[in-house]
Amino acid sequence: MRIAIIGAGIAGLVTAKVLTQAGHEIQVFDRTPDVGGVWSRTRRYPGLTTQSPKAQYSFSDFPMPKECPEWPSGEQVQAYLAAYATAFGLDRRLRLSTEVTAARPRADAGTDIVASGSSSGWTIETTDSAGTHSTEDFDQLVVANGVFCEPAIPSYPGVADFTAAGGRLCAATDFHDAQEARGRHVLVVGYGKSACDVAVAISEVAESTDVIARQLLWKVPRRIGGFLNFKMLLLTRMGEGLFRYLRLRGFEKFLHGPGNGLRRRMVDSIGSVSVRQFGLRRLALVPRGSMEGIVRGAIGLATEGFFEAVADGRIGVRRDQTITRLLARNGRPFAQLADGTTLPADLVVCATGFTQAVPFLSPELQGRLLDERGNFMLYRQIMPPDIPGLYFNGYNSSFFSPLNAEMAALWIAAAIARAIPLPSPENVRQAVIDQLAFLDTATDGHHCKGTKIIPFSMHNVDEVLGDLGLNINVLVRASHWLNPINPAAYRRLTPALLRKLPRLAAQQLPDGRPRSRVVPEL
């Protein structure tokens, strides 16, 4: 088939690689001039690094270079992804500096694409950097534009006067050179990893750097106690099992049953270590609540040097505060906080999250894709129940984003080949509804419209592979309970699926139902 992929980040590239190996003709569109998505040079802020170590933040069959540090920089990750595209022959399938402005069912299909239950293809409209408009037809569409594609900048009163006085308001992803902050008064809005990363970089040159934190989040040290890599605790199946999933399996039943007290102490001990190691009590930066309650939805890796900079006065943290308005005073830009404090603010950098959007889809299709709260309705974080021929990848943001995207790409390849025995449409939809309801509870609502699966990354991998009848050796999976997940353990699954696809497809009817067995209801 001829398949369009929107986005040349991690998810778009691995989907292009797998579908190309499955024999399809692929075209990847991205509005940036380079591959990488969030790692593109057009979006890298100073101080950007991975949150997961390089061994966990890599594809199964393409390890990061040995010379990369354990937590690679944004530039190094982008170079790794560019090398991945070259190694698997994707360069000629990329159409960069090209924005998809519309994606709709082909004219000969009309809106019947949904009602009929089958896809008649898609028409993709694009505009390149030269302003040239193009229209092309494809058989299938994969959306991999990323859940961090559009930065969310608060709307502050007074921004016009603030700007006229020389102030600058921008998203962290639009701030690319720390030297722009030299000698200036800077406010960084947010307290997630990106806010702390950019604050450290800015504090080295700025006149003053203040972090405006609406809510303090728990920060986990890269090396707990100064020596134990955090991946030994949180990037294992045990670490994931500490948090209750929708369906408990095996040892998880003990952890959330007779062993619940032990489990809770294990989680809270991480918070206790963080408090001691960073001196959070002395800095008055202990988050409210316990690690047990907060880690589920808003945990971040601590930025190297952040708390040291707070301790020596290079960074100030205004906790439990927001900016209520921007203003000009005596011809200079300022910001007013919720407690009435007014701070000089030559530069305001917002690391305040992202919106998850698909503006190239029509309002009608978005109405079928999203629920009444704007959550994405995606089975396995991949397939809309009611829009045939449309798939998503990268809408399963996790600690292991490359691995999750790679396994989702396998699922998409099998689905396009009609080689997955899906439940009935009603049960698919109900499964999505149940998953969103669970995420609301499990993450305190911090699931980015249903697109973030932390801390349940490997549960998603297991479910996706379960649909395909594939998985790695059970003993290797067992070893991942105590050792960090190793994506390389999954490197044989892509060729295994490609060998199985013809046989699996032969077992399905044209509508995807199995020829010889009934699929269990969910």
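The values are calculated or read from the model by the stated rules, or taken from the named source; none is laboratory data. Keep in mind that this is a model prediction, so the values were computed, not measured. Here Cβ is always computed from backbone atoms with ideal geometry, including for glycine, and neighbour counts include all displayed protein chains. Calculation scope for accessible area: heavy atoms of the full protein, side chains included, ligands and nucleic acids excluded. Shrake-Rupley method; radii C 1.70, N 1.55, O 1.52, S 1.80 Å.
Would you list which lysines come within 25 Å of K449, measuring only between C-alpha atoms, while excluding same-chain residues fewer than 8 positions from it?
K193, K219
Farthest toward the dipole's positive end in the chain, which of Q435, G239, T126, given Cβ charges of +1 (Lys, Arg) and -1 (Asp, Glu) about the Cα centre?
My answer, from the dipole projection, is G239.
Under Stokes-Einstein, with the Kirkwood radius over Cα pairs standing in for Rh, what whole-number D in µm²/s applies to the range 27-115 at 37 °C and 0.692 mPa s?
This corresponds to a translational diffusion coefficient of 216 µm²/s.
Can you compute the charge dipole magnitude of the chain about its Cα centre, using +1 on each Lys and Arg Cβ and -1 on each Asp and Glu Cβ, nothing else charged? Give it in debye, rounded to the nearest 20.
In debye, rounded to 20, the chain gives about 1600.
Give me the number: length gained by fully extending S269 to A55, i.e. 0.36 nm times residue separation minus the C-alpha to C-alpha distance, one decimal in nm.
Extending this stretch completely gives an extra 74.5 nm.
What share of the DSSP beta bridges in the range 304-455 is antiparallel, in percent to the nearest 5?
For the range 304-455, the DSSP antiparallel bridge percentage is about 90.
On a 0 to 90° scale, report how tilted helix 74-87 is relative to the longest principal axis of the chain, with both axes built from alpha carbons and the result rounded to the nearest 10.
20
Probe of 1.4 angstrom, ligands and nucleic acids ignored: what's the accessible area per residue over the chain, in square angstrom?
Value returned for the chain: 41 Å² of accessible area per residue.
Percent of accessible area on the chain owned by carbon and sulfur, 1.4 Å probe?
Exposed carbon and sulfur together represent 52 percent of the surface.
Between A489 and R373, what is the spin-label point distance in nm, taking each point 7 Å from the Cα along the Cα→C-beta axis?
Going from the A489 label point to the R373 one covers 3.3 nm.
Stokes-Einstein diffusion coefficient for the range 68-205 at 25 °C in a medium of 0.890 mPa s, Rh from the Kirkwood formula over Cα pairs: what value in µm²/s?
125
Using just the helices of the chain, give the 222 nm mean residue ellipticity in deg cm²/dmol: DSSP H runs with n ≥ 4 each add -39,500 (n - 2.57), and the total is spread over all residues, rounded to 500.
-9000 deg cm²/dmol
If you wrap a convex hull around the Cα atoms of the chain, how much volume per residue is inside, in Å³?
For the chain, the hull spanned by Cα atoms encloses 156 Å³ per residue.
Using the alpha-carbon atoms, what tilt in degrees (0 to 90, nearest 10) does helix 401-416 show relative to the longest principal axis of the chain?
So the inclination is approximately 20 degrees.
What order do you get for 9-21, 469-481, 333-345 when each peptide is scored by the mean count of other beta carbon atoms within 10 Å, highest first?
The most tightly packed comes first, giving 9-21, 333-345, 469-481.
How big is the Cα convex hull of the range 144-191 in projection, averaged over all directions, in nm²?
4.7
How far is helix 10-21 tilted, in degrees, relative to the longest principal axis of the Cα atoms in the chain, given as a value from 0 to 90 rounded to the nearest 10?
Computed tilt is about 20 degrees.
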